[in-house]
Structures are given as C-alpha cells and as structure tokens.
Amino acid sequence: MDDVLKTEGITKIYGKHIVVDHVSMHVKKGDIYGFIGKNGAGKTTFMRMVAGLAAPAFGSMELFGSRNLERQRQRIGTLIEQPGLYGAMNARENMEIVRKSFGITEKHAVAQMLEFVGLQNAGKKKVRNFSLGMKQRLGIAIALFRNPDFLILDEPINGLDPEGIKEMRDLLVKLNQEKQITILISSHILGELSKIATSYGIIKEGVLIEEFGADELKSRCRRCVKLVVDDVERAVSVLEENCQIKGYDVPEPGVLRVFEKLEDSWIINRELVQAGVMLKESYLAGQDLEGYFMDLLGGEANA
C-alpha cells in the first residue's frame with residue numbers, strides 16, 4: 001500500500017528548544033491514523049509542517065510519493081487548531097466566501113457540503129451562536145471543499161459532548177469509507193480514537209516513539225496469564241493435554257501467554273509444577289487501551 005505521507009527525520013526547533021525531533025512517520029493510503037501525545041509533545045507543530053504552515057529545520061517529506069510538496073498540498077484538507085470562521089455570518093455565508101476564494105464555480109457545492117456534514121438545517125443562525133460541535137463540522141466542511149485525498153485534523157473532538165463526539169466519529173468514518181479519504185487525526189480522547197483508528201503513532205517530547213496497527217494494539221492489550229518457564233515445549237503439552245487449553249502463544253523464548261481460563265490460573269500453575277515445569281513467573285497481564293497508552297507516554301492521559 002502506498003504512503004500518503006512519509007517523513008524522514010523531520011525536525012522543528014524554536015530557539016534552543018527541539019519541538020519535533022527527527023520524526024519519521026508513515027501514513028498509508030486509506031488509514032485513519034491516530035496521532036497520540038501529551039499537550040506540548042509536538043503534534044500540532046508536526047501537522048503544521050505537513051500542511052505547509054511551518055517550515056522544518058531539516059528532514060525530508062513526501063506526500064503521495066512526491067517531494068513536490070507545494071503541488072501535493074493541494075490534495076490536503078486541514079483543520080488545525082481553531083477553524084477560521086466569521087462569527088457574524090451563518091454557515092452558508094461562510095462557505096460562500098470559501099467557495100469564491102477557491103474559485104469553485106458550482107454554487108450548489110455549498111449546499112451539498114453543508115448537507116454532507118449535517119449542517120443543512122443551520123439556516124440563518126450566526127456561527128457565533130453555534131455549538132462547538134457545529135463549528136467543528138463547519139471547519140471540516142471547509143477543509144473538504146476541494147475534495148481532498150488526505151485530511152489532517154488536530155483535536156476535532158476536543159470539548160465536544162458525547163452526542164457531538166459520536167456525530168464527529170460517524171462523520172470521519174463516512175469520509176474514510178465513502179470518499180476514500182486518508183485521515184491523520186490527533187486526539188486525547190483515546191477511547192473514542194480507538195473506535196475508528198486503523199493505525200497509531202505515539203509522540204513523546206517531540207520524538208515519535210512507536211508506530212503500530214490497530215490489530216497489533218489489540219494484541220498488546222489483550223488480557224492473559226503470562227507464564228515464564230524453563231521448558232516451553234513441556235509447558236505447552238501440559239496446557240493442551242492437562243488443561244484443555246488451545247488459546248495461547250509464545251511471544252518470545254521461555255514465555256507463554258494464555259488467553260483462556262484466566263480465572264483458573266492457579267490450576268494452570270499447579271498442573272505445570274506437578275508436571276516438572278519450573279515456573280519462574282505467573283501473572284495476569286494486559287490492560288485497557290488508555291492504560292496502555294499512558295504506560296507508553298508516562299503519566300496522565302492529557303494528550
């Protein structure tokens with residue numbers, strides 16, 4: 001699968017402070033890429049560099065397999081920080097300004113886009129009186145106006161109520177599946193992000209510490225009894241024959257993860273010991289998604 005975004009060693013320095021530190025990111029075509037990090041970790045600065053709103057100190061970047069960034073950025077829609085909206089105007093009037101600035105001649109395009117993001121009934125209501133969710137949806141409508149192939153969204157669900165979060169989540173899935181738009185999205189609401197993201201990047205103090213897919217994340221967080229033994233082959237035989245357990249794997253030499261009968265771990269331990277297996281460690285492992293992310297980031301979930 002082709003990379004929509006590929007960076008190698010992208011770095012941004014403000015004064016003596018390295019804000020983004022040699023970040024090499026890979027966003028595949030069709031991804032909803034969840035970009036996770038604490039406040040101040042460098043997420044927004046990185047997104048601004050991808051969008052062309054800030055220049056890197058050094059490093060390289062490709063968009064859609066090309067280094068002609070100015071041309072390829074025409075295929076990007078962005079909602080970074082707060083959307084630039086005219087509060088004294090309604091949604092349609094805001095969109096008309098954008099339509100004319102983009103040179104879009106089809107006047108029906110405004111109505112179509114407002115309907116797509118669920119603002120067709122906003123009427124003459126001034127944007128300054130919109131809820132935060134309505135403002136975010138209008139911002140996304142503006143980002144979508146030129147039919148981008150790649151959408152960059154910085155905290156689009158921050159501050160929304162549960163209904164607004166669900167509406168935004170449904171909209172992003174719709175964009176990804178119906179319009180085939182690749183999405184790079186940052187959010188600190190990790191439980192919601194995990195419902196739609198297909199891959200993840202974790203940034204800590206400006207450094208991209210890890211990238212992985214959604215399936216890999218589920219595997220890492222799966223609850224299990226972790227066993228450290230001296231003889232894996234004999235332990236496997238005990239699990240299968242004595243305990244009738246088929247759900248296990250061997251992630252590394254000398255280590256077993258058992259995914260069945262977790263409540264009977266004491267029976268598993270007893271059978272192993274009675275069979276002559278030296279049991280060095282036995283404990284319940286795995287955690288929820290937020291706990292896993294917080295272990296990676298260190299500290300609280302303020303991403």
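The values are calculated or read from the model by the stated rules, or taken from the named source; none is laboratory data. Just so it is clear, the structure is predicted and the values come from calculations on it, not from any experiment. Positions of Cβ are generated from backbone atoms using ideal geometry, with glycine treated the same way; all protein chains shown enter the neighbour counts. For accessibility, only protein heavy atoms count, side chains too; no ligands or nucleic acids. Shrake-Rupley method; radii C 1.70, N 1.55, O 1.52, S 1.80 Å.
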Which value, in Å² and to the nearest 10, is the accessible area of Ile209 when all protein chains are kept and the probe is 1.4 Å?
70
Go through region 259-270 residue by residue and turn each phi into a ³J(HN,Hα) via Karplus (6.51, -1.76, 1.60, θ = phi - 60°); whole Hz please, and just put x for glycine and proline.
9, 10, 6, 4, 6, 10, 4, 5, 5, 4, 4, 4
Filter the chymotrypsin sites (Phe, Trp or Tyr not before Pro) in region 57-114 to those in DSSP coil with at most 13 other Cβ atoms within 10 Å of their Cβ, and list the result.
Tyr86, Phe102
On the formula 1/(1 + (r/R0)^6), with r taken between the Cβ atoms of Glu210 and Lys107 and R0 of 41 Å, the FRET efficiency rounded to 0.05 is 0.30
What ranking of Asp295, Asp154, Asp161 comes out by heavy-atom accessible area, probe 1.4 Å, highest first?
Asp295, Asp161, Asp154
Heavy-atom accessible area of Met278 with all protein chains present, probe 1.4 Å, nearest 10 Å²?
110
Under a Cβ-only charge scheme (Lys and Arg +1, Asp and Glu -1), can you give me the dipole magnitude of region 43-153 about the Cα centre, in debye to the nearest 20?
280
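Which order do the peptides 117-125, 144-152 take when ranked by the mean count of other beta-carbon atoms within 10 Å per residue, highest first?
Taking the mean over residues of other Cβ atoms within 10 Å, the ranking is 144-152, 117-125.
Rounding to the nearest 20 debye, state how big the charge dipole of the chain is about its Cα centre with +1 on each Lys and Arg Cβ and -1 on each Asp and Glu Cβ.
Numbers: 40 positive and 42 negative charges, 368 e Å.
Around 1760 debye, computed over the chain.
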Towards the positive end of the charge dipole of the chain, with charges on Cβ (+1 Lys, Arg; -1 Asp, Glu), say which of Leu193, Leu284, Ala214 has the farthest Cα.
Leu193
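Given region 190-290, report the % of alpha carbon pairs whose separation exceeds 25 Å.
The answer is 34 percent, as a whole percent.
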Of Phe259, Val19, Leu144, which is farthest towards the positive pole of the chain's charge dipole, taken about the Cα centre with +1 and -1 on the beta-carbons of Lys, Arg and Asp, Glu respectively?
Leu144
Output the relative contact order of region 169-303, whole-number percent, from Cα pairs under 8 angstrom with separation of 6+ residues.
27
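Size of the dipole of region 95-150 about the Cα centre, Lys and Arg at +1 and Asp and Glu at -1 on the beta carbon, nothing else charged, in debye to 20?
Value, rounded to 20: 360 debye.
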Between region 135-185 and region 215-241, the Cα center-to-center distance that results, in Å:
40
Longest DSSP-loop-exposure-free segment, GluC sites (Glu not before Pro), the chain, at most 11 other Cβ within 10 Å:
107-299
For the chain, what does the relative contact order come out to in percent, with C-alpha contacts under 8 Å and a separation of six or more?
21
Solvent accessible area, Å² - Phe259, 1.4 Å probe, full protein context:
40
So which trypsin sites (Lys or Arg not before Pro) in region 1-58 end up in coil per DSSP with only 10 or fewer other C-beta atoms within 10 Å?
Lys16
Given Cα pairs under 8 Å that are at least 6 residues apart, what percent is the relative contact order of region 43-169?
31
